[in-house]
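One structure is given here, and the rest of the page talks about it.
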Amino acid sequence: MDFKDLYNEPSEEDFEELTNIEAIKGRMSHIRHKLVIMSGKGGVGKTTVTVNLAQALALKGYKVGILDADITGPNVPKMLGIKPMPPNVTPAGIFPAEIGDISLISMALLMPTEESAVIWRGPLIMGMIEQFLADVVWGELDHLIVDLPPGTGDETLSIMQFLKDDMDGVITVTTPQEVALLDARKGIVMSREMGVRVIGIIENMSGLVCPHCGEKINLFKAGNGEKLAKEYGVPFLGRIPLDPRIVETSDNGTPFVLKHDSPSSKAFIEIVQKIEEIIE
């Protein structure tokens, strides 16, 4: 096998022939802003950022949808406290689940149990991403937030191909560790090669605020996310410190911005304000 074949992606003409572009454009035309949350590496808190970004926007009175594009590892329903449920399918399309002011579509909603595994190859994954975009009846939304899996694989490539002319851009989530930053760079490079704007970088797990004395401890270093933003000339959106209550609320299905007046919540609200200013 010639390794060059690994890079022979379909041309734009081939891609349009293989997908229902007009249906996707029709659905997306009712949504003002499309934000894609990505990370080069797993375990950096990307889905936590997605869920709390959606909730923070909903608290401001926006109509918000989340597309959980991590087909084989969907976690958004868990963090919103939504159990697997049969979708409401009508001739008009597939209706998303709703929790408060947030609409959600996720592979996890279609599985019989939370433990069920999706064992699919790339073409099936790409087909499901297309169906989520073309067939889900989102209605009129102010924001659609797409939660990608880690890396630059099938789901990420599909979303960027489907939405690159119609999205506000990508928000990259990283931790201060060099390993996470290395992979975050790859995501930024991919976005630019695909012609997608990088809205900014969030440094998650940026220090731990001691619940007893209030002192900040830099468990995983701090400040490298801002350095990365300067290196690539993109906005630095802010730092979110570690807080044990984030784990507790996420496991219980409640976004932490609803629960605690903590440094982490305040940091996140400030980040949302910066994102609003950039995309508006």
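Note on segment 172-217: among residues that are of a type in the set (S, T, N, Q) and under 15 Å from PHE236 (Cα atoms), the one that is nearest to the chain's Cα centre (by Cα) is THR172.
I'd like to check something: does segment 95-117 contain any residue that is surrounded by fewer than 18 Cβ atoms within 10 Å (Cβ to Cβ), touching a residue at least 24 places away in the same chain (Cβ under 8 Å) and in contact with a Ser or Thr (Cβ under 7 Å, 6 or more places away or on another chain)? No, because not a single residue in segment 95-117 is surrounded by fewer than 18 Cβ atoms within 10 Å (Cβ to Cβ), touching a residue at least 24 places away in the same chain (Cβ under 8 Å) and in contact with a Ser or Thr (Cβ under 7 Å, 6 or more places away or on another chain). With the structure loaded, tell me whether LEU57 is at pLDDT 90 or above, surrounded by fewer than 24 Cβ atoms within 10 Å (Cβ to Cβ) and in contact with a helix residue (DSSP H, G or I) (Cβ under 9 Å, 6 or more places away or on another chain) or whether it fails that test. It is true that LEU57 is at pLDDT 90 or above, surrounded by fewer than 24 Cβ atoms within 10 Å (Cβ to Cβ) and in contact with a helix residue (DSSP H, G or I) (Cβ under 9 Å, 6 or more places away or on another chain).
One residue alone among LYS63, LYS41 is among the charged types (D, E, K, R) and crowded, with 20+ Cβ neighbours inside 10 Å, and that residue is LYS41.
Of all residue pairs spaced 6 or more apart or on separate chains, those with beta-carbon atoms under 8 Å, a first member in segment 60-76 that is within 16 Å of GLY139 (Cα to Cα) and a second member that is of a type in the set (Phe, Trp, Tyr) and part of a loop (DSSP other than H, G, I, E, B) are GLY65/TRP138.
Among the residues making up segment 129-146, those that are of a type in the set (A, V, I, L, M, F, W, C) and either buried (at least 19 other Cβ atoms within 10 Å of the Cβ) or assigned to a strand (DSSP E or B) (or both) are ILE129, PHE132, LEU133, ALA134, VAL136, TRP138, LEU141, LEU144, ILE145, VAL146. Looking at the structure I just gave you, is ILE202 surrounded by 15 or more Cβ atoms within 10 Å (Cβ to Cβ) and part of a helix (DSSP H, G or I)? Considered against the rule, which asks whether it is surrounded by 15 or more Cβ atoms within 10 Å (Cβ to Cβ) and part of a helix (DSSP H, G or I), ILE202 comes out as no. Note on segment 63-95: residues that are part of a strand (DSSP E or B) and more than 26 Å from MET38 (Cα to Cα) amount to 4.
Against the list (1) of a type outside the set (Asp, Glu); (2) assigned to a helix (DSSP H, G or I); (3) within 17 Å of the chain's Cα centre (by Cα), the condition LEU237 fails is (2). Would you call PRO211 in contact (Cβ under 8 Å) with a residue 12 or more places away in the chain, touching an Asp or Glu at 6+ places or on another chain (Cβ under 7 Å) and over 21 Å from ILE279 (Cα atoms)? No, not satisfied.
Taking every residue in segment 247-274 that is over 24 Å from GLY200 (Cβ atoms) and pairing it with any residue that is aromatic (Phe, Trp, Tyr), at least 6 positions away or on another chain, the pairs with Cβ-Cβ distances below 7 Å are THR249/PHE256.
Among the residues making up segment 15-57, those that are aliphatic (A, V, I, L, M), in contact with a strand residue (DSSP E or B) (Cβ under 7 Å, 6 or more places away or on another chain) and within 30 Å of LEU181 (Cα to Cα) are LEU35, VAL36, ILE37, MET38, VAL44, VAL49, LEU53, ALA54, LEU57.
Taking into account only those residues within segment 44-58 that are touching a residue at least 60 places away in the same chain (Cβ under 8 Å) and either touching a His at 6+ places or on another chain (Cβ under 6 Å) or among the small types (Gly, Ala, Ser) (or both), which is farthest from SER206 (Cα to Cα)? It comes out as LEU57.
The values are calculated or read from the model by the stated rules, or taken from the named source; none is laboratory data. Everything quoted here is computed from the prediction, not taken from an experiment. FYI the Cβ positions are ideal-geometry reconstructions off the backbone, even for glycines, and counts take in every protein chain you see.
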